[in-house]
Amino acid sequence: MDLVKIKAQAKKEISVINNSRDLERWRVKFLGRKSALSLFFANLKNLSLIERREQGAKANKLREFLEELYRDNKERIAQQEKEIESWDISRPGTKAPTSHLHPLTLTLREITQVFSRLGFAIVEGPEIESEYYNFDALRIPPSHPARDMWDTLWLKSVSKKGRLLLRTHTSPVQIRYMEKHQPPFRIIVPGRCFRHEATDVSHDIQFHQVEGLMVDEEVSLANFKDIIETAIRGLFSQKVKIRFRPSYFPFVSPGVEVDIKIRNKKSGAQEWMEIMGAGMVHPDLFETVGYNKNLWQGFAFGVGVERIAMIKYNIPDIRLFFSSDIRFLKQF
Ligand code: FA5
């Protein structure tokens, strides 16, 4: 094949190429070791010196031309392929990182599920509470030393039911609910509470409680013990150790605190952690809401949700929950 024909053929063929695989085939065909041009070079030795010089120069020119043609088209095709790639609708999309529920939400859901299975209805109350519901109706009068048990974040406003505050516990909802409903009933009240206190690994200024209240004609501390043991074993495992300790809360009689046994993260030793206050509803509360106090009995409890989550998920410091530290949150 003569050089002119090779040139024409190469130009024609490359003009319709639009992918790098075909371009590579073209390169092999026109510039490879077995190409017509290489053969042409190989045959030069059979020519006379003058012819060899003349034809050799022409062939060199053609080679340079083809090489440049190849480089230009390589660039064009690379550019084209890049564009096609960025428009490839069949390409799998980039995965958006999925989020998940906060460990406190997970724990709250589990607690409410366990109690729902035991027949408790879910009720809510306000976070901004009045002095009356947070303290007075619960037998914590202004002068009573028990009021010292809750360092309160007071608001400037005053309502018909006394000064306003950020509720220090979920117990006020006991009164609110009983004012509007007649027994028998069993309710739980999940919600956020606030206390003006120095924080440490197990105390924060905001935290969650789940209040429980069951009122019926015959409800005893034995019923409470059974329900709480069932709930705690449902939340943790059958093997968890639970302890009931006598305690004092003005709105229950008798009052107890419930601890569960956990392993200390640092020392590895087993120790008790307080998770809730509880007791039999004080008859005065029934009177306050207009019930016949001789007819009804009940138990109430308030469990700390962060404490449960800390035990469940092995979290060493309560302050991590509200830190918004993404490294912490990603672990759940
Ligand atoms: C109360 O708040 C009572 N209202 C509980 C109660 C309800 C007793 C019904 C009787 C009948 P106490 O202050 O102990 O009690 O708090 C209850 C639980 O809330 C504690 O066991 C703890 O788990 C949690 N808790 C209390 N203060 C904090 C805090 N600063 N940070 C995190 N959790 C807390």
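The values are calculated or read from the model by the stated rules, or taken from the named source; none is laboratory data. Since this is a predicted model, take the numbers as computed values, not measurements. Positions of Cβ are backbone-derived with ideal geometry, glycine not excepted, and every protein chain shown enters the neighbour counts.
Assorted remarks:
- Listed by first and then second residue, the pairs with beta-carbon distance under 9 Å, at least 6 apart or on different chains, first residue in segment 86-110 and within 16 Å of residue 329 (Cα to Cα), second of a type in the set (D, E, K, R) and not in a loop (DSSP other than H, G, I, E, B), are 101/109; 103/312; 104/306; 106/312; 107/306; 107/312.
- Count - residues of segment 286-317 that are of a type in the set (A, V, I, L, M), buried (at least 22 other Cβ atoms within 10 Å of the Cβ) and over 17 Å from residue 266 (Cβ atoms): 5
- Yes/no for residue 137 being part of a helix (DSSP H, G or I), farther than 30 Å from residue 236 by Cβ and in contact (Cβ under 8 Å) with a residue 60 or more places away in the chain: yes
- Candidates 44, 66, filtered to the one that is in a helix (DSSP H, G or I) and in contact with a Phe, Trp or Tyr (Cβ under 6 Å, 6 or more places away or on another chain): 66
Residue-by-condition table, conditions (1) modelled with pLDDT of 95 or more; (2) out of contact with any Cys (no Cβ under 9 Å at 6 or more places or on another chain):
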| position | (1), (2) |
| --- | --- |
| 163 | no, yes |
| 170 | yes, no |
| 177 | yes, yes |
| 180 | yes, yes |
| 185 | yes, yes |
| 199 | no, yes |
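- Selection within segment 290-317 - aliphatic (A, V, I, L, M) and within 15 Å of the ligand (Cβ to nearest atom): 300, 303, 305, 308, 309, 310, 311, 315
- Single unsatisfied condition, residue 156 versus (1) over 27 Å from the mean Cα position of the chain (by Cα); (2) assigned to a loop (DSSP other than H, G, I, E, B): (2)
- Test: residue in segment 85-100 that is assigned to a helix (DSSP H, G or I) and out of contact with any helix residue (DSSP H, G or I) (no Cβ under 7 Å at 6 or more places or on another chain): yes
- Among residues of segment 227-277 being in a helix (DSSP H, G or I) and touching a residue at least 60 places away in the same chain (Cβ under 8 Å), the one that is nearest to the ligand (Cβ to nearest atom) is 228.
- Among residues of segment 256-286, those that are over 19 Å from residue 218 (Cβ atoms) and over 36 Å from the mean Cα position of the chain (by Cα), counted: 1
- Among the residues making up segment 117-136, those that are aromatic (Phe, Trp, Tyr) and buried (at least 19 other Cβ atoms within 10 Å of the Cβ) are 120, 133, 135.
- Residue 320 being surrounded by 14 or more Cβ atoms within 10 Å (Cβ to Cβ), under 24 Å from residue 193 (Cα atoms), without any contact (Cβ under 8 Å) to a residue 12 or more places away in the chain and within 16 Å of the ligand (Cβ to nearest atom): yes
- Residue count, segment 166-193 (criterion: crowded, with 23+ Cβ neighbours inside 10 Å and away from the ligand (no atom under 12 Å from the Cβ)): 1
- Of all residues in segment 215-243, those that are in contact with a Leu (Cβ under 9 Å, 6 or more places away or on another chain) and more than 20 Å from residue 173 (Cβ to Cβ) total 3.
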